[in-house]
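The values are calculated or read from the model by the stated rules, or taken from the named source; none is laboratory data. Computed from a predicted structure; not experimentally measured. Backbone-built Cβ (ideal geometry, glycine too); neighbour counts: all protein chains shown.
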């Protein structure tokens, strides 16, 4: 079978569907190349002296791992000089990173979580990089945080790279979801699956059960019904899976179905949720919807939410369509 590279896939999307302008194609290729560099650092682990804490905190107040900092720097350095970006924003940075004046300014803006699931780094569990691409609105030379505050439905592209037994890149440009596997011998991304589809029904859910006492009633109701199994109201047995790395959990759902929940909880009642809308929820919601699934915050579609700040948090329920709709219905019933 003929092997199709990432570049060929992008060129064909551009040629056949008119979905990928040249700047966007270049941007995706550069992000994919940066992910290869991050994968090398992750694979080296202790041999590369990249494990452990960096001794600093990010804007979220979370202690940064060495690989968090390295991954953030890799993505910035790879993308700032190519002429395809106006600015970048990262979960690890307080504010946006505007492309320096010495480089040409492009039409797109890149958001990323450089290393999702970093608490799993030191125990050798799958982690990943999540990214989202927005178009710069307007023709003014400057760019500000306000330019980034677009609803997720306006994303031009989104994807993630998971660093596991295989290094895989999952991508959408608005025409379905494609999966690429890194051939470590040649260093190339090879298309290994196209038009990924999430089954509408599932018997699997992913949630951190240790937080049960903090959930809102609709989430507790849904999980209790799943746990009741075939003798309960759902009439079937469910399995629970939880990696603690959103990339790994969502990748499993894209591969075989399931529902992922990271809901609001009472420990931080003033926060809408734990996950970041623009760096995690939006790109994952775009991918999940493109694969036939659904994504909600419990009240409305995640991709319809209009951000009010760069590091806004959100409650997330995504995956198999009928399960997400059930959780949404329970929230609506509870008012």
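Quick notes on this one:
- Hits in the range 303-335 (condition: touching a helix residue (DSSP H, G or I) at 6+ places or on another chain (Cβ under 6 Å), crowded, with 17+ Cβ neighbours inside 10 Å and part of a helix (DSSP H, G or I)): 303, 327, 330, 331
- The set of residues in the range 108-127 being on the phi < 0 side of the Ramachandran plot and surrounded by fewer than 17 Cβ atoms within 10 Å (Cβ to Cβ) consists of 119, 122, 123, 125.
- Going through (1) modelled with pLDDT of 95 or more; (2) at positive phi; (3) in contact with a helix residue (DSSP H, G or I) (Cβ under 7 Å, 6 or more places away or on another chain) one by one, residue 235 falls short only on (3).
- When residue 221 is tested against (1) outside the structural domain of residue 124 (by TED's automatic domain parsing); (2) buried (at least 16 other Cβ atoms within 10 Å of the Cβ); (3) farther than 22 Å from residue 280 by Cα; (4) in contact with a strand residue (DSSP E or B) (Cβ under 9 Å, 6 or more places away or on another chain), only condition (4) is not met.
- The set of residues in the range 63-96 being modelled with pLDDT under 95, touching a helix residue (DSSP H, G or I) at 6+ places or on another chain (Cβ under 6 Å) and closer than 16 Å to residue 311 by Cβ consists of 68, 91, 92.
- Enumeration of residues in the range 283-302 that are touching a strand residue (DSSP E or B) at 6+ places or on another chain (Cβ under 8 Å) and not in a helix (DSSP H, G or I): 291, 293, 294, 295, 296, 297, 298, 301
- Scanning the range 201-224 for residues that are farther than 30 Å from residue 175 by Cβ and in a strand (DSSP E or B) gives a single hit, 215.
- Single match in 45, 55 (criterion: closer than 22 Å to residue 187 by Cα, assigned by TED's automatic domain parsing to the domain that holds residue 190 and modelled with pLDDT under 90): 45
- Restricting attention to the range 168-200, the residues being part of a loop (DSSP other than H, G, I, E, B) and under 21 Å from residue 284 (Cβ atoms) number 10.
- Flag if residue 250 is in contact (Cβ under 8 Å) with a residue 60 or more places away in the chain and buried (at least 24 other Cβ atoms within 10 Å of the Cβ): yes
- If you go through the range 225-243 and keep only what is surrounded by 13 or more Cβ atoms within 10 Å (Cβ to Cβ) and part of a helix (DSSP H, G or I), you end up with 225, 226, 227, 229.
- Output for the range 9-42, where each listed residue is surrounded by 15 or more Cβ atoms within 10 Å (Cβ to Cβ) and modelled with pLDDT under 85: 19
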